[in-house]
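Shown next, in structure tokens, is the structure this report addresses.
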Amino acid sequence: MKKTNKKKLEEFIRVDHAGERGAIKIYEGQLLALNTVVRNDELKKTIGEMKKHEQEHSNFFEDEIEKRNIKPTKLLPLWDLLGLGLGFSSTILGKKAAMLCTASVEEVIDEHYKSQIDQIEVDEKDLREKIIKFRQDELDHKDIAYEEGATKKGIYSIMDKVIKTGSKIAIKISEKI
């Protein structure tokens, strides 16, 4: 039986922990905007539901960090701040922008989780199954975002590229630091 590389496994858990926490912060920023600047109770409910899934994911990776004695990324405070800012600013731009934020991040996470699933060996069956489940949750969030009005037309295409590029950079950095 082939074993999953320990260093690679630590990177997976470190970055997934940071990413799920970042998703919570994005949703917290969106909810902050919805509670202060923009009023949309339906959108607030939708985002609140997606945040619950992210909390479940984050709790799992938090437990894995502790159980396996893995150091979380040193940049968590920066990612928290950037996530809150991204969530808040996308939401004050309107519902389409808020939902595009979710769709763009989830499209990057879909690829990211798919890559991890392909690399995790049978010795880490439980971890692999959790990531498969979490990936499906993220795909569901992406679908909801498009159903709720996310678009990449016009200026939104630039926003999509900026969010995706930032997400990919955060992933690469969080794997290592």
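We did not get these values from a lab; they are worked out from the coordinates using the rules stated. In this text, all values refer to a predicted model and were calculated from it rather than measured experimentally. Positions of Cβ are generated from backbone atoms using ideal geometry, with glycine treated the same way; all protein chains shown enter the neighbour counts.
Checked against the criteria, Gly166 does not count as under 15 Å from Gly19 (Cα atoms), among the small types (Gly, Ala, Ser) and touching a Gly at 6+ places or on another chain (Cβ under 6 Å). Within segment 34-49, being outside any helix (DSSP H, G or I) and in contact with a helix residue (DSSP H, G or I) (Cβ under 7 Å, 6 or more places away or on another chain) holds for Val37, Val38, Asn40. Of the residues Ala98, Ala145, Ala150, the single one that is farther than 17 Å from Lys51 by Cα and either in contact with a His (Cβ under 9 Å, 6 or more places away or on another chain) or among the small types (Gly, Ala, Ser) (or both) is Ala150. What are the residues in segment 1-43 that are surrounded by fewer than 18 Cβ atoms within 10 Å (Cβ to Cβ) and among the polar types (S, T, N, Q), if any? Thr4, Asn5, Asn35, Thr36, Asn40 - these are the residues of segment 1-43 that are surrounded by fewer than 18 Cβ atoms within 10 Å (Cβ to Cβ) and among the polar types (S, T, N, Q). Restricting Gly85, Gly94, Gly48 to those that are touching a Gly at 6+ places or on another chain (Cβ under 8 Å), surrounded by fewer than 17 Cβ atoms within 10 Å (Cβ to Cβ) and either free of Cβ contacts under 8 Å to residues at least 60 places away in the same chain or more than 26 Å from Ile173 (Cα to Cα) (or both) reduces the list to Gly85. For segment 147-177, name all the residues that are in a helix (DSSP H, G or I) and hydroxyl-bearing (Ser, Thr, Tyr). Result: Tyr156, Ser157, Thr165, Ser167, Ser174.
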